[in-house]
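Here is the structure we will look at.
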Amino acid sequence: MRKRLGMRGKIEEIIYVRLEAGEDFVHALWDICKEYDIKTGVLLDATGNLAKVRLMRNSREPRRDNWGVDFLEIPGPLMVSATGILGTGWVPENLPPSPESHRNYPDTGFGPGGWEGHDTPYFKINMTATNAYETICGHLLQGSLVAAINHDGKADVPSHFTVAIAKVSGVILRATYDKTGFYHDLVPA
């Protein structure tokens, strides 16, 4: 049997948060991780409507200059569902962000993983989004905005876009970027 890096953690609590119209989903997740001190967790579910979505997906035509991925922006309204892992960005050697060609959009320093630098919230969120014309799946990017229209077609009631996050203790998932490259590391909490 192959030996793999693994550690046990415990679900400490489940946190539910409602997002509001116009919020950037990535920024909201950063805020939630900071507010609830989430160093490691699982996005169990995120369900609601987005006004637009930005995703990174496997490229239909991989080339060297696109790293085998496409960056998409799809207009809404979109119904979405998302799950993923939450952790901590780790840059032990204080390296600069990865090359511009790797992340394509300069809005997050370290690309589609959604992190800004050393000891900041990190996540890898897979999202499925559908509008009237297509359904796509990919990694969540900054610029995905919560829609203002709710189930009744009105914008005068609070949003129903809700996330459910399991906060995990006992282990920390580190999205590590060092001289050897980018990888996930697991360390005791």
- request: Report ³J(HN,Hα) in whole Hz for each residue of segment 21-26, in order, from the Karplus equation J = 6.51 cos²θ - 1.76 cosθ + 1.60 where θ = phi - 60°; Gly and Pro get x.
  value: 3, x, 5, 7, 4, 5
- line: Note, I165: beta-carbon cut-off 15 Å, +1 each Lys/Arg, -1 each Asp/Glu, net 0
message: Taking 22 Å as R0, compute the FRET efficiency from the Cβ-Cβ separation of S81 and H118 and round it to 0.05.
response: 0.10
statement: Which residues qualify? For A147, with a placed amide H closer than 5 Å and at least 5 residues away or on another chain, they are G22, N49, L50, A51
query: For segment 1-95, which GluC sites (Glu not before Pro) are both in a DSSP coil and crowded by at most 14 other Cβ atoms within 10 Å?
result: E20, E93
Fully extended contour minus Cα-Cα distance, from T162 to T47, at 0.36 nm per residue: 40.8 nm
- line: HN-Hα couplings for segment 75-89 via Karplus (6.51, -1.76, 1.60; θ = phi - 60°), in whole Hz with x for Gly/Pro, come out as x, x, x, 10, 8, 9, 9, 9, 9, x, 10, 10, x, 10, x
message: Spelling out what I want: for every residue of segment 36-50, take phi, set θ = phi - 60°, compute 6.51 cos²θ - 1.76 cosθ + 1.60 (Karplus), and round to whole Hz; glycine and proline get x.
response: 9, 6, 8, 8, 8, x, 10, 7, 5, 6, 9, 9, x, 10, 10
- line: Counting only DSSP loop positions in segment 1-41, the trypsin sites (Lys or Arg not before Pro) whose Cβ has at most 11 other Cβ atoms within 10 Å are R2, K3, R4, R8
query: Given H placed on each backbone N at 1.01 Å, which residues far from T120 in sequence or on other chains put an amide H within less than 5 Å of it?
result: G89
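Bear in mind these aren't lab numbers, they're just calculated from the coordinates by the rules spelled out. If you're wondering where the values come from, they're calculated on a predicted model, not measured in any experiment. Reconstructed Cβ throughout: ideal geometry from the backbone, glycine too, with neighbour counts over all protein chains shown.
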